[in-house]
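The structure under discussion appears below in the form of structure tokens.
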Amino acid sequence: MAKMLGARWCPSALRSPLQVISFPACQLHVSRRAKNADQKEFENAVTQLKLLKKDPGNEMKLKLYALYKQANEGPCNIPKPGVLNLINKAKWDAWNALGNLPKETARQNYVDLVTSLSSSSASSSQVKPGADKEQQGSENVVVTSEDGITKIMLNRPTKKNAITTQMYQEIILALKAASKDDSTITVLTGNGDYYCSGNDLSNFNTLPGEIEEKVKSGGILLRDFVACFIDFPKPLIAVVNGPAVGISVTILGLFDAVYASDKATFHTPFTHLGQSPEGCSSYTFPKIMGLAKAKEMLIFGKKLTAGEACAQGLVTEVFPDSTFQTEVWTRLKAYSKIPPNAGRISKQIIRNWEKEKLHAVNAEEVRVLQERWQSEEFLNAVMNFFSKRAKL
Ligand SMILES: CCCCCCCCCCC/C=C/C(=O)SCCNC(=O)CCNC(=O)[C@H](O)C(C)(C)COP(=O)(O)OP(=O)(O)OC[C@H]1O[C@@H](n2cnc3c(N)ncnc32)[C@H](O)[C@@H]1OP(=O)(O)O
């Protein structure tokens with residue numbers, strides 16, 4: 001976790017670009033405690049924060065940043081950053097939201113918050129008895145492997161399994177490991193009510209550097225992520241347990257089977273986000289569902305039900321949600337009994353006819369997206385998404 005935070009994370013580090021993954025409303029409940037924390041307690045809290053084992057998340061980081069500034073400098077006293085300066089604008093919003101909160105109250109709230117974070121971090125660091133020894137991956141990408149099936153599960157349900165830059169890297173690693181392990185098939189699924197809500201729209205801020213560097217590294221990350229699905233050597237199956245958005249939909253054209261709950265929907269809102277198709281969908285979707293239907297999804301953002309997606313060939317089979325997990329996993333356990341080499345070789349002979357083409361499509365889609373990420377349309381769409389939520 002320290003790696004994700006770079007240097008030890010502490011409020012003073014917030015004066016350097018804060019790696020913010022979300023732009024939450026910073027509604028604070030002013031502490032009702034009569035006593036106000038003295039300076040010593042406040043300084044101890046700052047020290048305590050540096051020792052946190054678990055990253056408190058960006059919503060909490062913004063709150064702590066705002067309280068730290070209010071406690072030291074009082075009401076927000078700096079000019080509002082420009083609309084494209086997303087990170088510093090989020091920090092300014094958080095501090096400014098505190099209004100005229102007295103310094104002493106801000107100091108007490110800060111101490112209370114750090115105390116609660118430290119106690120929850122201490123409890124969560126204990127090894128939970130009976131933790132599944134099979135699990136690898138990370139908190140947000142849980143990998144388990146048994147009965148000839150390697151399951152990669154997106155596990156960020158509070159954010160509808162939106163994929164962070166770190167999760168892209170973890171999925172790449174999980175696929176690389178699965179390609180070499182002793183499983184016969186690999187499954188990608190989601191935990192919670194969503195399969196995946198696509199790219200985390202605040203990823204643009206977690207990538208380091210100025211806009212040119214973000215665009216470059218984002219393009220490399222996307223290209224490598226999609227390439228993993230193009231090159232994956234074993235039968236790859238999507239178990240779509242709920243709504244799927246964006247990149248989690250477009251890469252489905254690279255899977256060998258897609259099983260969906262009838263609760264699932266399939267949405268690719270690229271143009272609404274000022275973006276363009278990725279995941280090789282500009283090539284696979286017309287092949288799978290015909291030009292007209294592909295354009296309805298990729299240009300006009302038409303959301304498909306599971307039944308429509310099945311009728312259009314994107315989904316292999318739809319199951320009633322009530323029996324979805326039981327039926328699908330019974331099926332997958334049967335599939336995992338096929339002779340592994342025959343399964344792998346059969347998958348590859350089908351994929352190899354188009355592999356070169358798919359890599360060329362991936363490269364061109366990334367090139368176009370890198371231009372889109374520098375457009376006003378994209379930046380405004382991302383700002384709109386988060387400012388709508390900030391008012392909630
Ligand atoms: C850009 C350069 C980065 C480079 C990184 C490399 C890879 C780049 C790949 C680029 C190509 C990919 C394109 C896409 O995937 S485009 C599609 C992106 N996804 C979306 O537009 C969906 C956005 N989310 C929503 O519309 C709604 O959240 C949704 C309909 C999914 C659910 O709505 P609902 O009202 O049920 O729930 P909430 O909106 O309240 O969501 C709950 C919390 O989850 C957060 N959330 C959900 N989705 C995302 C997301 N995609 N990104 C970030 N956060 C997301 C939401 O904000 C809520 O959080 P809070 O409770 O904190 O407000």
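Things worth noting here:
- Spin-label pair Ala360/Glu43, simplified geometry with 7 Å Cα→Cβ offset, distance in nm: 6.7
- Phi to ³J(HN,Hα) by Karplus 6.51 cos²θ - 1.76 cosθ + 1.60 over segment 250-267, Hz, x for Gly, Pro: 5, 6, 4, x, 9, 8, 9, 7, 10, 9, 10, 6, 6, 7, 5, 10, 9, 9
- Average accessible surface for segment 140-270: 31 Å² per residue, computed with a 1.4 Å probe over protein heavy atoms with every protein chain in place.
- Entries in Lys160/Lys293; Lys159/Lys337; Lys293/Lys357 that, when Cα-Cα distance is taken, lie over 24 Å: Lys160/Lys293; Lys159/Lys337
- Ile350-Ser375 FRET efficiency (beta carbon distance; Förster radius 35 Å; 0.05 resolution): 0.40
- Summarising the amide proton neighbourhood of Phe319: residues at separation of 5 or more, or on other chains, whose placed amide H is nearer than 5 Å comprise Ala260, Ser261, Asp262.
- Bridging of Lys216 to aspartates and glutamates at a Cα separation below 13 Å is possible for Asp224, Glu371, once same-chain residues fewer than 8 apart are set aside.
- Paramagnetic label zone (point 7 Å from Cα along Cα-to-C-beta, Ile338; backbone N under 13 Å) in segment 347-390: 347-351
- Measuring r between the beta carbons of Lys103 and Lys80 and using R0 = 25 Å, the FRET efficiency lands at 0.70.
- Each peptide in 64-73, 381-390 gets a packing score, the mean of other Cβ atoms within 10 Å over its residues, and the list from highest to lowest is 64-73, 381-390.
- Percent accessible area from carbon and sulfur atoms, segment 307-392, protein chains only, probe 1.4 Å: 59
- Fully extended contour minus Cα-Cα distance, from Leu173 to Phe385, at 0.36 nm per residue: 73.3 nm
The values are calculated or read from the model by the stated rules, or taken from the named source; none is laboratory data. It should be emphasised that the depicted structure is a prediction, and the values quoted were computed from it without experimental measurement. FYI the Cβ positions are ideal-geometry reconstructions off the backbone, even for glycines, and counts take in every protein chain you see. The area values use the complete protein model at the heavy-atom level, side chains included, leaving out ligands, DNA and RNA. Shrake-Rupley method; radii C 1.70, N 1.55, O 1.52, S 1.80 Å.
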